[in-house]
1. Is it true that some residue in the stretch 690-703 is surrounded by 21 or more Cβ atoms within 10 Å (Cβ to Cβ) and touching a strand residue (DSSP E or B) at 6+ places or on another chain (Cβ under 9 Å)?
2. Taking residue 722 and the conditions (1) in a loop (DSSP other than H, G, I, E, B); (2) within 11 Å of residue 355 (Cα to Cα); (3) touching a residue at least 24 places away in the same chain (Cβ under 8 Å), which numbered condition does it fall short on, given that it satisfies the others?
3. Can you report the number of residues in the stretch 195-225 which are without any contact (Cβ under 8 Å) to a residue 24 or more places away in the chain and either outside any loop (DSSP other than H, G, I, E, B) or more than 22 Å from residue 177 (Cα to Cα) (or both)?
4. Considering the stretch 284-302 alone, what residues qualify as being without any contact (Cβ under 8 Å) to a residue 60 or more places away in the chain and over 20 Å from residue 417 (Cβ atoms)?
5. Just one of 228, 190, 176 is surrounded by fewer than 17 Cβ atoms within 10 Å (Cβ to Cβ), free of Cβ contacts under 8 Å to residues at least 12 places away in the same chain and assigned to a loop (DSSP other than H, G, I, E, B); which is it?
6. Please state which one of 169, 106 is in contact with a helix residue (DSSP H, G or I) (Cβ under 7 Å, 6 or more places away or on another chain) and either modelled with pLDDT of 90 or more or farther than 30 Å from residue 735 by Cβ (or both).
7. Restrict the check to the stretch 524-540 and report whether at least one residue is touching a strand residue (DSSP E or B) at 6+ places or on another chain (Cβ under 9 Å), modelled with pLDDT of 90 or more and closer than 30 Å to residue 94 by Cα.
8. Which one of 582, 621, 637 is in contact with a strand residue (DSSP E or B) (Cβ under 6 Å, 6 or more places away or on another chain) and buried (at least 18 other Cβ atoms within 10 Å of the Cβ)?
C-alpha cells in the first residue's frame with residue numbers, strides 16, 4: 001500500500017469517527033471545507049506535585065480526549081512528552097503508550113537542571129498537524145540544591161517596571177467606547193514586577209489609577225475621548241516619572257466586553273458613531289479551537305447572551321466579523337464546566353505518627369450527589385510542593401502555554417479576567433495544517449508506534465523508491481516489520497515495543513547496498529513562543545525546602561535497600577513475527593559439533609547448505625510438497641536478517657542457543673518469503689556475528705515500559721523497626737485507580753520518617769468527560 005493511500009485510509013477513519021460530533025445551533029452554521037480533517041485530540045496532564053528537587057522523578061498521568069466533545073477519546077495510542085526549559089529546549093523526552101483513554105509514566109529530572117520553572121509539553125502525532133498552542137502544557141518548578149546561590153532568582157520588592165504590555169479586551173481602543181484593558185509589567189531582565197500608577201490622557205488629565213497584583217498583572221477601565229495618546233505614568237523613588245504609551249486609539253471601530261455570569265456569557269457590543277455606515281452586515285461568531293459553533297448576524301442588538309449549557313465546555317473565541325469574514329474584534333473566553341465530579345476524601349485522623357498506616361476512603365459524586373465511576377490518580381506529597389499559584393492546577397481545561405507560563409493571584413483574577421491578556425491566541429484557529437484539502441503530514445498512531453523516515457542511496461542521494469524494507473529489533477525474539485517506500489523513499493513501520501532497543505532497517509533485497517537511513521523525529525520541532533515565568537523560592541518555607549532536599553538525597557542512597565519503587569509490569573510474551581516455528585532445535589540436547597555448518601547439516605531437518613559461485617547458499621524443503629523452495633529463505637541472527645551466509649556460518653557453535661525453522665511460505669502484502677531460519681545466540685545481542693557497518697543500526701527508544709509502583713510496608717514489626725531510613729517527598733502515587741459502581745475506592749499506604757504537613761491530591765475523569773480534583777491535608781508527627 002502506498003503512503004498516499006495509507007494516509008487517505010486513516011483520514012477516512014478519522015472523518016467517520018468525528019462526523020457525528022459536528023453540530024450547529026442555527027441555519028447559518030455548516031461544516032466548512034476540510035473540516036472533517038479538523039478532528040483534534042486534547043490531553044489533560046496530571047503530575048504527582050508541582051515542585052521538585054533536581055534528580056527526582058516526575059510521575060505523570062495523561063488523559064486523552066476528543067477535542068470536539070472533550071470526552072475521553074481512543075484514537076491515538078502514543079503520547080509524546082518532553083520538558084522544555086526557559087529557552088524552549090527539550091531537556092527530557094519520552095513516549096507513553098495510551099491504549100485506553102489514559103496512560104501513565106515517569107520522567108527523571110537531570111540533576112544538572114537549573115533552579116527555575118519548566119513546561120511539560122505533551123502531544124500525539126496527530127496533534128502535530130495543528131498549531132503547538134493546542135498541545136498540552138503543565139508547569140513544574142525545579143530546585144537545584146547544588147547550584148550557586150547567586151544564580152537562584154529571588155523576587156525583588158519595590159522594583160520598577162521597564163516595560164508594560166497592554167491588551168484591550170477585544171483587541172483595540174476606540175474613541176468614545178469604554179474598554180477594559182489588561183496589562184502585564186516586566187523588569188529590564190524580563191521578570192514580572194508589580195506596579196502602581198495612573199492612566200493619563202493627552203492633556204495629562206488623570207483617567208484612572210492602576211495597581212497590579214504581585215505578578216505585575218492587572219486591568220483597568222477607560223473611555224478614550226478623541227485619538228490623543230494615553231499613557232501609564234509611574235512615579236519613581238527619586239521623583240522622576242516613567243511613561244508607557246497605550247495602543248493608539250482608533251477614531252472609528254467596534255468592540256465588545258464579556259461578562260461571565262452564572263448561566264451565560266453577557267456580551268455588550270459597542271460601536272463608534274458612523275461605524276456601521278461602511279459595513280453592510282456584522283456577525284457574532286463563537287468558535288472553539290477548530291470548529292465554529294455558531295455564527296449569528298448582529299442587527300439592532302447591543303446586548304447578547306450566550307447560554308453556557310448550550311456551549312461546549314473549555315476555551316473558545318468570540319469574534320465580531322464583517323460579511324467577508326474579517327475579524328473586527330475578538331477575545332478568548334473559558335466556559336467552565338458545571339457538572340464536574342466531586343471527590344470526598346475521608347481520613348481516620350488528621351495527625352499520624354511516622355511509619356503509621358493511613359487508609360483513605362474516596363467517594364466520587366456528581367453535582368446531584370449521584371455516585372459515579374471514574375478513572376483517577378492519587379498522590380500524597382509534602383504540602384509545600386503543591387503550588388497554589390499554578391494555573392495548570394485548575395482541572396478540566398485545555399492547558400494553553402500562555403496559562404502554563406505565568407503566575408497569577410487567583411484571588412485577584414479568574415481565568416476569564418486573565419484571558420484578556422491572551423490577545424495573540426487567534427493562531428490556534430488559523431494555523432492548523434490538517435484543515436486544508438491536503439493530506440495531513442502526521443499520521444495518527446491508531447494501533448502502535450509509527451517509525452517513519454527516508455532511505456536514500458549514499459553516493460547519489462536519490463531515494464530508494466518502491467522498495468520493500470524490513471525493520472527488525474535485535475534480540476532473542478524475532479520482531480520484524482515490513483514496509484514499502486514511496487516514490488520519495490519515505491517509509492512507515494508500525495512497531496509494538498517498549499524500553500530501549502536496538503533497531504536495524506535494511507532493504508529486503510540483498511542486492512541493494514550503499515544506502516543510508518534518516519529517521520524522522522517523532523517529537524514536535526515547533527516550539528512554543530511562550531516561556532515559563534521565573535521561579536521564586538518561597539523564603540518563608542526554606543526549612544521545608546532544605547528538608548525536602550535532604551530527603552531526596554537520603555532516598556536516592558537507601559532506595560536500593562528498601563526494594564520499593566517502580567517495577568516494570570511483565571507483559572505477555574508475543575510470538576515471533578512468523579508465529580510458531582515448525583522446528584526448534586535446542587543446542588543443549590545435542591552433542592557439541594565443530595561448526596555451525598555441521599550443526600545445520602546434521603541436526604536441522606529440511607535445511608541444506610551448498611556452495612554456488614564461491615559463496616554458501618541455503619535451501620529449505622517445503623513441508624507441504626517435500627521439495628526445495630526455488631528462492632533462498634530469510635535468514636535471521638538474533639532477530640535481524642543477515643544476507644551473508646558465510647558470516648553466519650563462521651559463528652562459534654558454542655554461542656548458539658537454539659535454531660528455529662519455518663518450512664513454509666510467509667506472505668505479507670506482495671512479499672513472499674520461502675522459509676525462515678532463525679539462529680538465536682545465548683547473548684541475543686548480535687555480537688556473535690560480524691555485522692555489516694553499512695547497514696543502518698542504532699539504539700531506539702520505544703514506548704516507556706508500564707510500571708507498577710510499590711511502597712514500604714510496615715505492617716510487620718521487624719520492618720517497622722528497620723534502621724534503613726525512609727524519606728520520601730512523594731509518599732504515595734497511584735495513577736490507575738478506578739472507583740466502583742458506588743463511586744468508591746480505598747487507598748492504603750504508610751507514612752515515612754519525615755514529619756510535617758502532607759497533601760492528598762485526587763484528580764480524575766469519568767467516561768463522559770466530567771473532571772474533578774480535591775485536595776486534603778494531614779500532619780505527621782514523630783512517635
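1. Looking for residues that are surrounded by 21 or more Cβ atoms within 10 Å (Cβ to Cβ) and touching a strand residue (DSSP E or B) at 6+ places or on another chain (Cβ under 9 Å), one finds at least one in the stretch 690-703, hence yes.
2. Going through the list (1) in a loop (DSSP other than H, G, I, E, B); (2) within 11 Å of residue 355 (Cα to Cα); (3) touching a residue at least 24 places away in the same chain (Cβ under 8 Å), residue 722 breaks only (3).
3. Our first condition is that a residue be without any contact (Cβ under 8 Å) to a residue 24 or more places away in the chain; within the stretch 195-225, this holds for 204-209, 211.
Filter once more, keeping what is either outside any loop (DSSP other than H, G, I, E, B) or more than 22 Å from residue 177 (Cα to Cα) (or both): 206-209, 211.
So the count comes out to 5.
4. Across the stretch 284-302, the qualifying residues are 284, 285, 298, 299, 300, 301, 302.
5. Being surrounded by fewer than 17 Cβ atoms within 10 Å (Cβ to Cβ), free of Cβ contacts under 8 Å to residues at least 12 places away in the same chain and assigned to a loop (DSSP other than H, G, I, E, B) holds for just one of 228, 190, 176, which is 190.
6. 169
7. For the stretch 524-540, residues touching a strand residue (DSSP E or B) at 6+ places or on another chain (Cβ under 9 Å), modelled with pLDDT of 90 or more and closer than 30 Å to residue 94 by Cα: present.
8. 637
The values are calculated or read from the model by the stated rules, or taken from the named source; none is laboratory data. These figures come from a predicted structure and were not determined experimentally. Cβ: placed from backbone, ideal geometry, glycine included. Neighbour counts: every protein chain shown.
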